[in-house]
Each structure stands twice: as structure tokens, then as C-alpha cells.
Amino acid sequence: MLRIGILGCGNIASTLAATMLQMTDRIRIEAVASRDKAKAEEFASRFGVEKAYGSYDELYEDESVDLVYVATPHAFHHDQMMAALEHGKNILAEKAFCINAAEAEDVFRLAREKHLYVAEAIWTRYMPSRKLINDIIASGRIGRVVSITANLGYKIIQKPRLADPALGGGALLDVGVYPLNFVLMATEGDTIKSMAGLAVRSDSGVDLRSTIDLTFESGIAAQIFCDAECRSDRKGMIYGTEGSLEITNVNNPEEIKIWSADRNAVLLETIPIRNEINGYEYELEAAAEAIENGEIEPKAMPWRETLRVLRITDAMRSVWGIKLGSELKN
């Protein structure tokens, strides 16, 4: 039984708690912590959690907690994960894992020293839909992949944490990481040859929307778009020489359509995607299995991939002149 302590009481923490309650054969919510004790108590009451802490230190010090699920704004992730690791806790941390690659490297170094499990909880990396898409590509059904497009946009900039550079705000680290991961999963094993990008900045200094263009050694070209001011069609397209794949919702794939390569493309097949619970269960199952087996990183999202994503977002923000979180102190 994996005993989980939840750090933070926001919407995503509530979603994961509801998921955990449907996995009681392998997982138990041991405790919840917030800097606001009343929030922690309300959360605990809602989900039937016995222990509610008014400080994060109390959660770290709870010897009955095996894994800390970090559900706070990503500007705080580095310090919180380092503290949890020092107390001997395994970690599952929401995306974006950290503000930048340097912070993530710091966390992974300590996790390796302590031999503790640490993983980025970007759910699309763990979902069965990833294997479905990659299996179709590998089968050659759409021929040789030559280009990919992926986008994700929601009207979210009104949320304080999205508008504030100190909290790691902006479209890229909140929603842009999904289409970026979509492209990297579809080009698994390929090497990035070049990258470029453009962003529109808000008055507060975060990116409202941005595009990233990647080319790969294989010859694949990819374009990624994200937006924090409007909802996009959230679509991913993988174009091959003999057909194409259309994926509805790169954030939580709902179906895959396979199209012919004709000028007037013909829909050849529609594959519905269904999750056992809601899609979040897979990252939790991966954590439970890895910890049981003494592994310190997940197979679905190894540390090198978390670092690769952050190095891309670091490079883009450097070009755009956007500093977030701890970077603002420099």
C-alpha cells in the first residue's frame, strides 16, 4: 500500500485525490498539507483524510507518508521537493516539474543520492494513448512521418498564478508543455536539430501565447502552439507520406482518426480512447509499481525527458527575455 501525502489543496490536488479514492487497493491518502490549516481541514473532510496539516514541514516529518504528491505552483516545486527528499520521501510532482532545468537537475541529484523515486506527473506520458499512437506510427500505416502540429489553449490568464512571473506564470509552462510533450513522444528516439520560437508577452512579463518550431535529424518538422487567452481546438496532427493521424485533445486524448494520403483525404478508421478512471490513475500506478520495485524514476517519463522539455522551454524563454520564479532574483 502506497501512502500518499498531498501538498497543496487546489483544483488539481482535488482531482488526484478523487482518483486516489478509486484506487484503494494500492493507494491511501495519508495526509494533506496547506499553509492555510483551514484549507487543509476542509480538503481532508471532503476526501475523508485523517490528517490535515497547516504547514508543509509537518507533512515531510510524517513517518507514515511514503510519497509526497506536489500540487503547488511550479515556482515552489524545487524547494519543496528538496525538503521532501531530505526527509526521505518519494515524490510525484505536477508539471511543470520545475521552473528550469538547473532546478530539476538539483532535485534529481539529491534523489539519486537518497535513492528515492521522483517523477513528473504529466499524465499524457503515462496514458495508454501514447502506446496506441506510437504503435500506429511504428506499423508504417501512415508511411514515414514528415511533420507534426500540436496546439493547446485555454482562457486561463485571469488566474493570478498564470499572470504572475514570480509564480512561474505564462502559457508555455502551464499548457505549452502538453503539445511539446506530444511532439517529443511522437518522435521518440529522434534528435532535435534546430529550434526557433516567438512569443507575445503580457504587461506583467509572462508569455500569453507562443509558437515553437522544431526540426529533427530524421527530417521531421514540428510546430507547437499554446495560448493562455483563448481555447484552441487542442488538436495534434501527425502527417506521414501515406496518411495522417488526427488526435483530439493533446492534453487528454479522446480519439485517434486515421486519414488517407489522398488530396481529398478519406477517413479510414476512428479509434476511441477510454481510460480506466479519468487518466490520472496511470501516473499513480507507475509510482506505486516503481517504488515497490526499488526504482527511482518512471519508465514513462524518465528524468532525461523531463530535463529535455525544460531545456527547450529554458532556451525559448531566454530568447524571449522571460524570467520566472527564482530566476527573478538574478
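Quick check: is even one residue across segment 323-330 over 22 Å from Pro73 (Cα atoms) and either assigned by TED's automatic domain parsing to the domain that holds Lys193 or part of a helix (DSSP H, G or I) (or both)?
Going through segment 323-330, the residues over 22 Å from Pro73 (Cα atoms) turn out to be none.
So far as segment 323-330 goes, no, none of its residues is over 22 Å from Pro73 (Cα atoms) and either assigned by TED's automatic domain parsing to the domain that holds Lys193 or part of a helix (DSSP H, G or I) (or both).
Would you say Val177 is in a strand (DSSP E or B) and either more than 18 Å from the chain's Cα centre (by Cα) or more than 25 Å from Thr241 (Cα to Cα) (or both)?
On the way: in a strand (DSSP E or B): no; either more than 18 Å from the chain's Cα centre (by Cα) or more than 25 Å from Thr241 (Cα to Cα) (or both): yes.
Answer is no for this residue.
Checking the conditions here, which among Arg317, Arg304 is of a type in the set (Lys, Arg), at pLDDT 95 or above, outside any loop (DSSP other than H, G, I, E, B) and farther than 26 Å from Ile137 by Cα?
Result: Arg317 is the single residue among Arg317, Arg304 that is of a type in the set (Lys, Arg), at pLDDT 95 or above, outside any loop (DSSP other than H, G, I, E, B) and farther than 26 Å from Ile137 by Cα.
Hey, among the residues in segment 134-156 that are assigned to a strand (DSSP E or B) and in contact with a Lys or Arg (Cβ under 6 Å, 6 or more places away or on another chain), which one's surrounded by the fewest Cβ atoms within 10 Å (Cβ to Cβ)? If you could, list the steps in order and put the result at the bottom.
Step one: filter segment 134-156 for residues assigned to a strand (DSSP E or B), giving 145-153.
Restricting the remaining residues to those that are in contact with a Lys or Arg (Cβ under 6 Å, 6 or more places away or on another chain) gives 152-153.
Details: Leu152: 26, Gly153: 20.
Of everything passing the filter in segment 134-156, Gly153 is surrounded by the fewest Cβ atoms within 10 Å (Cβ to Cβ).
What do you reckon, is Ala166 closer than 20 Å to Leu214 by Cα and either in a helix (DSSP H, G or I) or assigned by TED's automatic domain parsing to the domain that holds Asn251 (or both)?
Spelling it out, it is not the case that Ala166 is closer than 20 Å to Leu214 by Cα and either in a helix (DSSP H, G or I) or assigned by TED's automatic domain parsing to the domain that holds Asn251 (or both).
Within 27 Å of Pro160 (Cα to Cα) and part of a loop (DSSP other than H, G, I, E, B): does that describe Arg231?
When the stated conditions are applied, Arg231 passes them.
I'm trying to understand the selection: among the residues of segment 75-95, which are buried (at least 24 other Cβ atoms within 10 Å of the Cβ) and closer than 19 Å to Leu324 by Cα?
Ala75, His77, Met81, Ala93
So, of the residues in segment 197-228 that are assigned to a loop (DSSP other than H, G, I, E, B) and touching a helix residue (DSSP H, G or I) at 6+ places or on another chain (Cβ under 8 Å), which turns out to be surrounded by the fewest Cβ atoms within 10 Å (Cβ to Cβ)?
By that ranking, first place goes to Ser204.
So how many residues does segment 126-150 have that are in contact with a helix residue (DSSP H, G or I) (Cβ under 8 Å, 6 or more places away or on another chain), under 19 Å from Phe216 (Cβ atoms) and not β-branched (Val, Ile, Thr)?
Total satisfying the criteria: 3.
Which residues, taken from segment 1-19, are of a type outside the set (Ser, Thr, Tyr), touching an Asp or Glu at 6+ places or on another chain (Cβ under 9 Å) and assigned to a helix (DSSP H, G or I)?
Within segment 1-19, Ile12, Ala13, Leu16 qualify.
Which one of Glu30, Glu58, Glu63 is surrounded by fewer than 23 Cβ atoms within 10 Å (Cβ to Cβ), assigned to a loop (DSSP other than H, G, I, E, B) and more than 17 Å from the chain's Cα centre (by Cα)?
Glu63
Starting from segment 126-147, take each residue that is under 19 Å from Ser260 (Cβ atoms) and list its partners that are polar (S, T, N, Q) and at pLDDT 95 or above, counting only C-beta distances under 7 angstrom and pairs at least six apart or across chains.
Ile142/Ser244; Gly143/Thr241; Arg144/Thr241; Val146/Thr241
Can you name the residue in segment 101-133 that is among the basic types (Lys, Arg) and surrounded by fewer than 19 Cβ atoms within 10 Å (Cβ to Cβ) and is also farthest from the chain's Cα centre (by Cα) among such residues? Show your work before the answer.
To start, the set of residues in segment 101-133 that are among the basic types (Lys, Arg) comprises 109, 112, 114, 125, 130-131.
Remaining after also requiring surrounded by fewer than 19 Cβ atoms within 10 Å (Cβ to Cβ): 109, 112, 114, 131.
On the way: Arg109: 20, Arg112: 21, Lys114: 24, Lys131: 17 Å.
Within segment 101-133, the match that is farthest from the chain's Cα centre (by Cα) is Lys114.
The values are calculated or read from the model by the stated rules, or taken from the named source; none is laboratory data. Keep in mind that what you see is a predicted model, and the values were worked out from it rather than measured. We place every Cβ from the backbone using ideal geometry, glycine too, and count neighbours over all the protein chains shown.
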